[in-house]
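Readers should treat all values here as calculations from the given coordinates under stated rules, not as data from a laboratory. Keep in mind the model is a prediction, meaning the values are calculated, not measured. With ideal geometry, Cβ positions are generated from the backbone for all residues, glycine too; neighbour counts draw on all protein chains shown.
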């Protein structure tokens, strides 16, 4: 088993969107930007982190750009998640102390001379209320679009498919505008240009005639004299 096959097979449950695509990129010689984010909420790394840490080291050994991302800003504000109790809110000093123990433990698996360490406070601390609302809107649109697509797939009829196309197209436009606003608040110069270029690649969707689709949905609703969605 070669290094790339081992990287993408051992300890891997799924690769999204497809393993074949990632294999092609890795074998092309193109350098990827790979990161692992960890919130330093305690003084010990969980044993489960060993697998992604090993993957990081392999990516670094293959010459890719690897980042160890410390969630110091998100740790400052805590996290309720789906647990019975809230995650404790830590001070900046406690977070830095935790990170030093994280680094000491992770260094058994990762050569930190080959990777970059970043803190998400570098950009998240720059966000104001308006930008946070934009990000919240993006998350809402993404979850709503997923729900609409799943419902359309379950229904399996042309009406639901048309309505889903309209919603997802509109949502994608809102997400792109919101993302541009948030990115502009967190970075500038070459970094901003790089992020905006990545955003354009991510948001590349097949355009559809939403005017025609809206008319089709409206005609079906009027013909049925009820709202069937």
(request) Could you check the simple spin-label distance between residue 223 and residue 62, using points 7 Å along Cα→Cβ, in nm with one decimal? (result) 5.1 nm
(request) Have a look at 204, 31, 134 and tell me which one the Gaussian network model of the chain (Cα, springs below 10 Å) gives the largest fluctuation. (result) 204
(request) Working from the alpha-carbon coordinates of segment 31-121, get Rg over Rh, Rh being the Kirkwood radius. (result) 0.99
(request) Only Cα pairs under 8 Å and at least 6 apart count here; give the relative contact order of segment 83-179 as a rounded whole percent. (result) 29 percent
(message) How tilted is helix 210-224 with respect to the longest principal axis of the chain? Cα atoms for both, answer in degrees (0 to 90, nearest 10).
(response) 50 degrees
(request) Mind pulling the angle between the C-alpha long axis of helix 50-61 and the longest principal axis of the chain? Nearest 10 degrees, somewhere in 0 to 90. (result) 80 degrees
(request) Please work out the Cα center distance from segment 164-229 to segment 3-19, rounded to the nearest Å. (result) 31 Å
(request) With springs connecting C-alpha atoms under 10 Å apart, model the chain as a Gaussian network and identify which of 175, 211, 142 has the largest mean-square fluctuation. (result) 211
(message) Give the average over all directions of the projected area of the C-alpha convex hull of segment 129-224, one decimal, in nm².
(response) 7.1 nm²
(request) For segment 171-212, restrict the atom set to alpha-carbon positions and state the Rg and Dmax in Å. (result) 12.2, 40
(message) Mean-square fluctuation check for the chain, GNM, Cα pairs under 10 Å: which of 205, 16, 138 is largest?
(response) 16
(message) Roughly how far apart, in whole Å, are the Cα centres of segment 24-51 and segment 94-131?
(response) 12 Å
(message) Restricting to Cα pairs below 8 Å that are 6+ residues apart, what does the relative contact order work out to for the chain? Please round to a whole percent.
(response) 16 percent
